[in-house]
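A.B. asks: For reference, the structure I am asking about is given below.
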Amino acid sequence: MKWIYWSRLYDSKFQAGCLVQRMEHDSWVFGLEAPREIEVFRSKKGKYGVRYVP
């Protein structure tokens, strides 16, 4: 299982969570294959990011 990291880090966990919701919603609306697992993580510098397993 290899994680794919989104290219941007966010200042708040809320912003990263919004991206997670959008990824899940877009896959449902547009008929794309949804990632098996999506999660918000915190970097060493204190910012938040999104990673997923396709």
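The values are calculated or read from the model by the stated rules, or taken from the named source; none is laboratory data. If you're wondering where the values come from, they're calculated on a predicted model, not measured in any experiment. Heads up, the Cβs are rebuilt from the backbone with ideal geometry, glycines too, and the neighbour counts pull from every protein chain shown. In case anyone asks, the SASA skips ligands and DNA or RNA and just uses the protein heavy atoms, side chains included. Shrake-Rupley method; radii C 1.70, N 1.55, O 1.52, S 1.80 Å.
A.B. asks: In straight Cα distance, which lysines are under 22 Å from LYS2, not counting same-chain residues fewer than 8 positions off?
C.D. replies: Result set, ordered by chain and number: LYS44, LYS47.
A.B. asks: I need to check one value: relative contact order of the range 8-54, counting alpha carbon pairs closer than 8 Å and at least 6 residues apart, in percent.
C.D. replies: 42 percent
A.B. asks: Semi-axes of the equivalent ellipsoid of the chain: what are they in whole Å, largest first, if each equals the square root of 5 times a C-alpha gyration tensor eigenvalue?
C.D. replies: After scaling each eigenvalue by five and taking roots: 21, 13, 7 Å.
A.B. asks: Over the chain, what percent of the accessible surface lies on carbon and sulfur atoms, probe 1.4 Å?
C.D. replies: That fraction is 54 percent.
A.B. asks: Starting from the Cα of MET1, step 7 Å toward the Cβ, then list every residue of the range 17-54 with an amide N under 14 Å from that point.
C.D. replies: Zone members listed by number: 35-40, 51-54.
A.B. asks: Can I ask one more? With a 1.4 Å probe and every protein chain left in place, work out the accessible area per residue of the chain in Å², rounded to a whole number.
C.D. replies: 82 Å²
A.B. asks: Hey, another quick one. Angle, helix 13-30 long axis vs. longest principal axis of the chain, Cα atoms, 0 to 90°, nearest 10?
C.D. replies: 10 degrees
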